[in-house]
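Colleague: Dumping the structure here so I can ask a few things about it.
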Amino acid sequence: MAAEVSEKKLEEKKSRVVILVALVGIFVAVNIYLFAAGRLPSNFEGLGIMIAAGLSLAIYSFLYRDNPIYKFAEHIYIGLSVGYIIVYNYYNALKPNLLDKLFFPPPGERAELWLIVPLFFGILMFFRFSPKHAWVSRWSFAFIVGYGSGMAIPRGVKTMIFAQMEATLRPIEFFDMYGNFNFTAIATLIAIVGILAVLIYFFFSLEHKGPLKVASRVGVWFIMIAFGAQFGYTVMARMSLLIERIRFLLGDWLNVLRS
Amino acid sequence: MVFWKRTVPLALAFFFGVLMVVQYFIPHKSFAELLDTMARWGQIVGAFALVVGLSSLIHSHVFKIKRQVPGWGYSVVTLAALVIYTVVGFISEGDDSPEAAFGWGYHHLLMPMQASMFSLLAFFIASAAYKAFRARTLEATVLLIIAVIVMLGRVPIGSYVYEKLPQVAEWIFSYPNMAARRAIMLGVALAMVATSLRVIVGIERSYLGGGD
């Protein structure tokens, strides 16, 4: 029985390898045709489109099942992303803010010696590699956490509390300047009720019973509406990405879309 | 030793925390410059933190390759992609225009893969939605209906179903959705301020890690 099962698995594996090889073969054949027919330019741009199409298809192959082609593309993606972050950080943070100002100042300008402080905190980070002296890196983390916390308090209070409350507490105008009823006022009232209800839902210092229970139930409804709206919005954003990728594959790569 | 291990980091967090709070309330040029300086310091220290993260990634993959754990070949792919793209980036001096090799890699490798990876979620999000939104309760039904309205309201077919559907979706976004989000934001802000205060005054010490 066990031998039969393993034989079946081996057969499955073989058929998967055949499918993968066939797909790669089809991809190569299609590209040879595209280049030969002049549908893809014979330059780095054309090569880039071909590779981009191949990697996109490799990632979409996950829709069939987890497979080596998908894993290959996934690991390339991880490597490239990290490589990009390293280079981006070096040329946009480390070089202009530290190296150019401390070690290689422009001619006629003096080195900004106070930059030794962040350099010092940065180097302390490397003590993480030594189990015995890892505690030294706490100084760097203390800087980052202290700086972040200090920034968060005034900004959080201003933008996320005061600005939001101000927008909520604006006077509601039920009639416009011509005396006509302003229907937006009802929507604003609904929003105010929603804000209070959701706040009550998250207020745990009092037991939710009686009027508080009713209010918190209304709060749940508003939260569900918000989650539904956010979900719908996210789905549509992903759909836009998918449509763009399909447009790329059919248009830029296969050249079968009419402009 | 406790002084260096615990008191100094707590004092540093307190000093920089109070400094950043105080600078906000002093409308003077020198404090505006201080804010700019501190932001750059943050970027510099953050860049060093990246090296620590990078070493962890490399260590993990080198470990897999050394031990030849199943799938170790993919670790070779990751490290090769990382090293090659980083070297190309430094040779191109970080130029991410499509004409430079680094930019070519960004436009023809990284961006397409990123877009494909995220668009892949369009398929899984649909199946997840089916599982999550099966109208078992009244609240789940509300969530489902609103999601459908918003989705239909953002594509042309929505107007064919009901011509005012885009406006309805917009109204949902602007009022009930905004109400819940605003209330949640208020709660988040209060929690953020409380946590920040705890860090500054030294009550919250989890960033010190374990040990002494």
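Residue-wise test of (1) touching a residue at least 60 places away in the same chain (Cβ under 8 Å); (2) open to solvent by 40 Å² or more (accessible area, probe 1.4 Å); (3) at the interface with chain A (Cβ under 8 Å from one of its Cβ atoms); (4) within 25 Å of the chain's Cα centre (by Cα).
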site: B:SER75; (1), (2), (3), (4): no, no, yes, yes
site: B:THR78; (1), (2), (3), (4): no, no, yes, yes
site: B:ALA101; (1), (2), (3), (4): no, yes, no, no
site: B:MET113; (1), (2), (3), (4): no, no, yes, yes
site: B:ALA129; (1), (2), (3), (4): no, no, yes, yes
site: B:ARG134; (1), (2), (3), (4): no, yes, no, no
site: B:LEU143; (1), (2), (3), (4): no, no, yes, no
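Colleague: Picking from B:PHE63, B:PHE25, which residue would you name as being loosely packed, with under 13 Cβ neighbours inside 10 Å, farther than 28 Å from A:PHE126 by Cβ and free of Cβ contacts under 8 Å to residues at least 60 places away in the same chain? Explain how you work it out, then say what you get.
Modeller: On the way: B:PHE63 fails: farther than 28 Å from A:PHE126 by Cβ.
None of the other options fit; the residue is B:PHE25.
Colleague: Please pick out the residue among A:LEU250, A:LEU196 that is within 25 Å of B:GLY158 (Cβ to Cβ) and outside the structural domain of A:LEU47 (by TED's automatic domain parsing). Even if it seems obvious, please write down each step before you answer.
Modeller: Working: A:LEU196 fails: within 25 Å of B:GLY158 (Cβ to Cβ).
Among A:LEU250, A:LEU196, only A:LEU250 is within 25 Å of B:GLY158 (Cβ to Cβ) and outside the structural domain of A:LEU47 (by TED's automatic domain parsing).
Colleague: Find the residue count for the range A:204-229, including only residues that are more than 7 Å from chain B (Cβ to nearest Cβ) and either open to solvent by 70 Å² or more (accessible area, probe 1.4 Å) or not in a loop (DSSP other than H, G, I, E, B) (or both). Before you say what the answer is, go through the steps one by one.
Modeller: Kept after step one, since they are more than 7 Å from chain B (Cβ to nearest Cβ), are these residues of the range A:204-229: A:204-219.
With the extra rule that they be either open to solvent by 70 Å² or more (accessible area, probe 1.4 Å) or not in a loop (DSSP other than H, G, I, E, B) (or both), the set shrinks to A:204-207, A:209, A:211-219.
Adding up the residues that qualify gives 14.
Colleague: Mind counting the residues in the range B:98-157 that are basic (Lys, Arg) and closer than 14 Å to A:VAL235 by Cα? So that I can check it myself, show each step before the final result.
Modeller: Our first condition is that a residue be basic (Lys, Arg); within the range B:98-157, this holds for B:131, B:134, B:136, B:154.
Among the residues that remain, those that are also closer than 14 Å to A:VAL235 by Cα are: B:154.
Of the residues in the range B:98-157, 1 are basic (Lys, Arg) and closer than 14 Å to A:VAL235 by Cα.
Colleague: A:GLU74 fails exactly one of the following numbered conditions: (1) outside any helix (DSSP H, G or I); (2) open to solvent by less than 60 Å² (accessible area, probe 1.4 Å). What is the number of that condition?
Modeller: Among (1) outside any helix (DSSP H, G or I); (2) open to solvent by less than 60 Å² (accessible area, probe 1.4 Å), A:GLU74 violates only (1).
Residues checked against (1) crowded, with 16+ Cβ neighbours inside 10 Å; (2) facing chain A (nearest Cβ under 10 Å); (3) in contact with a strand residue (DSSP E or B) (Cβ under 6 Å, 6 or more places away or on another chain); (4) more than 27 Å from A:GLY146 (Cα to Cα):
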{"position": "B:ALA11", "(1), (2), (3), (4)": "no, yes, no, no"}
{"position": "B:VAL45", "(1), (2), (3), (4)": "yes, yes, no, no"}
{"position": "B:GLY53", "(1), (2), (3), (4)": "no, yes, no, no"}
{"position": "B:SER56", "(1), (2), (3), (4)": "no, yes, no, no"}
{"position": "B:GLY71", "(1), (2), (3), (4)": "no, yes, no, yes"}
{"position": "B:GLY94", "(1), (2), (3), (4)": "yes, yes, no, yes"}
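Residue-by-condition table, conditions (1) over 30 Å from A:LEU99 (Cβ atoms); (2) touching a helix residue (DSSP H, G or I) at 6+ places or on another chain (Cβ under 6 Å); (3) open to solvent by less than 50 Å² (accessible area, probe 1.4 Å):
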site	(1), (2), (3)
A:PHE120	no, no, no
A:ARG138	no, yes, yes
A:GLY148	no, no, yes
A:MET151	no, yes, yes
A:LEU169	yes, no, no
A:THR184	yes, no, no
A:ALA191	yes, yes, yes
A:ILE195	yes, yes, yes
A:PHE202	yes, yes, no
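Colleague: Answer with yes or no whether B:PHE15 is at pLDDT below 95 and more than 19 Å from A:PHE129 (Cα to Cα).
Modeller: Working: at pLDDT below 95: no; more than 19 Å from A:PHE129 (Cα to Cα): yes.
In short, no.
Colleague: Scan the range B:75-127 for residues that are among the aromatic types (Phe, Trp, Tyr) and within 22 Å of A:MET50 (Cα to Cα) and jot them down.
Modeller: First, the residues of the range B:75-127 that are among the aromatic types (Phe, Trp, Tyr): B:85, B:90, B:102, B:104, B:106, B:118, B:123-124.
Passing the criteria: B:TYR85, B:PHE102, B:TRP104, B:TYR106, B:PHE118.
Colleague: Sticking with this one: For the list (1) closer than 24 Å to B:GLY71 by Cα; (2) in a helix (DSSP H, G or I), I need the number of the one condition that A:ARG65 fails.
Modeller: Tallying (1) closer than 24 Å to B:GLY71 by Cα; (2) in a helix (DSSP H, G or I), A:ARG65 fails exactly one: (2).
Colleague: Also, I was wondering about something else. Which of the residues belonging to the range B:158-206 are open to solvent by less than 40 Å² (accessible area, probe 1.4 Å), over 29 Å from A:VAL193 (Cβ atoms) and at the interface with chain A (Cβ under 9 Å from one of its Cβ atoms)?
Modeller: B:SER196, B:VAL199, B:ILE200, listed by residue number.
Colleague: Here's a follow-up. Check the range A:62-71 and report whether any residue there is modelled with pLDDT of 95 or more, within 7 Å of chain B (Cβ to nearest Cβ) and either under 24 Å from B:SER119 (Cβ atoms) or touching an Asp or Glu at 6+ places or on another chain (Cβ under 6 Å) (or both).
Modeller: Checked against the condition, which is being modelled with pLDDT of 95 or more, within 7 Å of chain B (Cβ to nearest Cβ) and either under 24 Å from B:SER119 (Cβ atoms) or touching an Asp or Glu at 6+ places or on another chain (Cβ under 6 Å) (or both), the range A:62-71 yields at least one hit.
Colleague: Here's a follow-up. Looking at (1) under 17 Å from A:PRO118 (Cα atoms); (2) within 8 Å of another protein chain (Cβ to nearest Cβ), which one does B:GLU33 not meet, given that it meets all the others?
Modeller: Here B:GLU33 clears every test but (2).
Colleague: If I ask for residues that are open to solvent by 70 Å² or more (accessible area, probe 1.4 Å) and among the basic types (Lys, Arg), which ones from the range A:235-254 would you list?
Modeller: Answer for the range A:235-254, where residues must be open to solvent by 70 Å² or more (accessible area, probe 1.4 Å) and among the basic types (Lys, Arg): just A:ARG247.
Colleague: Condition (residue is of a type in the set (Phe, Trp, Tyr), assigned to a helix (DSSP H, G or I), over 22 Å from A:SER56 (Cβ atoms) and touching a helix residue (DSSP H, G or I) at 6+ places or on another chain (Cβ under 7 Å)) applied to the range B:198-210: is it met by at least one residue? Talk me through it step by step, then tell me what you get.
Modeller: Taking the range B:198-210 as the starting set, the residues that turn out to be of a type in the set (Phe, Trp, Tyr) are B:207.
Keeping just the survivors that are assigned to a helix (DSSP H, G or I) gives B:207.
Cutting the leftovers down to over 22 Å from A:SER56 (Cβ atoms) gives us B:207.
Retained after the next criterion (residues that are touching a helix residue (DSSP H, G or I) at 6+ places or on another chain (Cβ under 7 Å)): B:207.
Yes - at least one qualifying residue is present in the range B:198-210.
Colleague: A:SER42: of a type in the set (Ser, Thr, Tyr) and either farther than 29 Å from B:LEU121 by Cβ or touching a residue at least 60 places away in the same chain (Cβ under 8 Å) (or both), yes or no?
Modeller: Numbers: of a type in the set (Ser, Thr, Tyr): yes; either farther than 29 Å from B:LEU121 by Cβ or touching a residue at least 60 places away in the same chain (Cβ under 8 Å) (or both): yes.
Yes: the conditions hold for A:SER42.
The values are calculated or read from the model by the stated rules, or taken from the named source; none is laboratory data. Just so you know, these numbers come straight off a predicted model, no measurement behind them. Quick reminder, even Gly has a Cβ in these numbers, built from the backbone with ideal geometry, and neighbours come from all protein chains shown. What goes into the accessible areas is simple: the full protein's heavy atoms, side chains included, and nothing from ligands, DNA or RNA. Shrake-Rupley method; radii C 1.70, N 1.55, O 1.52, S 1.80 Å.
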